[in-house]
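What follows is a set of notes on a single structure, which appears directly below.
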Amino acid sequence: MTWSLVGWIFIGLSAVLLLIFRFLLKERKAYPVRRFPAVHRLKTSRVSALERGMKRGVFIGHHLWSRSYPGLGLGAVSALPAFMDAESASDGGQRVLTSEGSFLMLARQIALGEYQGGFSKTLNDALSGLSLPGVSPLSFTAGMASELRSQPYGSLALFGNYGPEALLWTEALADQGEFVFAAAGSLSSQAVLFLSVRDLLMGEEVFTLPGLIEARAANEAGWLTEDILRLLLILMILVGAVLKMAGAL
């Protein structure tokens with residue numbers, strides 16, 4: 001048996017498990033392993049801010065794509081629809097924030113749920129709730145600091161690709177005693193937020209956010225398959241190590 005064959009076996013097993021668990025979990029989401037209290041507190045803080053008449057901020061990062069962290073922007077976009085329900089937009093207090101114009105255009109299309117012929121006809125009606133405080137990380141930080149001082153934010157969630165400048169936003173909100181949630185994918189953001197943000201997700205947890213915020217059967221099936229394959233891989237490594245020490249390999 002070659003290593004390439006082992007790889008194909010794992011790929012085939014993954015596909016089979018995904019199909020099986022997708023069918024089994026279609027009617028009920030019964031896989032409670034991936035539960036993060038930080039995500040629950042994020043949901044609670046947004047409800048609390050809505051009831052108190054305060055704004056809820058959702059920052060989706062500085063870039064959709066970057067060479068160092070190519071998947072973070074896409075992960076932020078995939079999590080955005082979970083915040084676009086009618087209740088969140090009812091009072092006009094939700095703000096979707098970014099520092100890139102093209103990224104903001106994409107967020108507008110997601111917020112509207114309408115895109116036809118390469119352009120949304122009601123694009124100009126989507127201005128409320130989407131904000132561009134600055135067109136670079138530094139100018140965004142300056143604009144964001146001013147906005148946090150002038151407008152009462154009860155909840156701020158950080159997603160996507162951002163760096164150490166996020167510490168300034170989180171500290172400004174923490175000084176007011178309000179809630180901050182961060183999904184830190186870059187190493188620099190993890191380093192500065194690790195000791196200052198209580199509700200912090202890092203590493204692979206960042207890419208599970210869409211399913212954590214709004215769980216679906218496909219998410220549950222993927223997590224269960226991932227955990228089974230991870231356990232099998234660990235067992236194979238242990239068995240291989242024992243066989244190697246015994247001289248069988």
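Before we move on, is LEU80 in contact with a helix residue (DSSP H, G or I) (Cβ under 6 Å, 6 or more places away or on another chain), of a type in the set (A, V, I, L, M) and modelled with pLDDT under 90? Spelling it out, LEU80 is indeed in contact with a helix residue (DSSP H, G or I) (Cβ under 6 Å, 6 or more places away or on another chain), of a type in the set (A, V, I, L, M) and modelled with pLDDT under 90. Could you list all residues from the stretch 174-200 that are in contact with a helix residue (DSSP H, G or I) (Cβ under 6 Å, 6 or more places away or on another chain) and not polar (S, T, N, Q)? Those that are in contact with a helix residue (DSSP H, G or I) (Cβ under 6 Å, 6 or more places away or on another chain) and not polar (S, T, N, Q): PHE179, VAL180, PHE181, ALA182, ALA183, ALA184, GLY185, VAL192, VAL197, ASP199, LEU200.
Going through (1) at pLDDT below 90; (2) farther than 22 Å from THR225 by Cα one by one, LYS55 falls short only on (1).
Please tell me if LEU156 is modelled with pLDDT of 90 or more and touching a Gly at 6+ places or on another chain (Cβ under 6 Å). Answer is yes for this residue.
Residues that are more than 30 Å from GLY101 (Cβ to Cβ) and free of Cβ contacts under 8 Å to residues at least 40 places away in the same chain number at least 2 in the following helices (runs of 4 or more DSSP H) confined to the stretch 136-247: 217-246.
Does ASP85 count as charged (D, E, K, R) and within 19 Å of the chain's Cα centre (by Cα)?
Numbers: charged (D, E, K, R): yes; within 19 Å of the chain's Cα centre (by Cα): yes.
When the stated conditions are applied, ASP85 passes them.
Scanning the stretch 217-238 for residues that are loosely packed, with under 12 Cβ neighbours inside 10 Å and over 15 Å from PHE10 (Cα atoms) returns a single hit, LEU238. Has the stretch 61-76 got any residue that is out of contact with any helix residue (DSSP H, G or I) (no Cβ under 8 Å at 6 or more places or on another chain), in contact (Cβ under 8 Å) with a residue 40 or more places away in the chain and buried (at least 22 other Cβ atoms within 10 Å of the Cβ)? Checked against the condition, which is being out of contact with any helix residue (DSSP H, G or I) (no Cβ under 8 Å at 6 or more places or on another chain), in contact (Cβ under 8 Å) with a residue 40 or more places away in the chain and buried (at least 22 other Cβ atoms within 10 Å of the Cβ), the stretch 61-76 yields at least one hit. Scanning the stretch 176-214 for residues that are among the polar types (S, T, N, Q) and surrounded by fewer than 17 Cβ atoms within 10 Å (Cβ to Cβ) gives GLN176, SER188, SER196.
With respect to the conditions (1) loosely packed, with under 14 Cβ neighbours inside 10 Å; (2) modelled with pLDDT of 90 or more, ALA86 lacks only one, and its number is (2). Note on the stretch 136-169: residues that are out of contact with any Lys or Arg (no Cβ under 9 Å at 6 or more places or on another chain) and closer than 21 Å to LEU212 by Cβ amount to 6.
The values are calculated or read from the model by the stated rules, or taken from the named source; none is laboratory data. The shown structure was predicted, so the numbers you read here are calculated from the model rather than taken from an experiment. Every residue, glycine among them, receives a Cβ derived from its backbone with ideal geometry; neighbour counts consider all protein chains shown.
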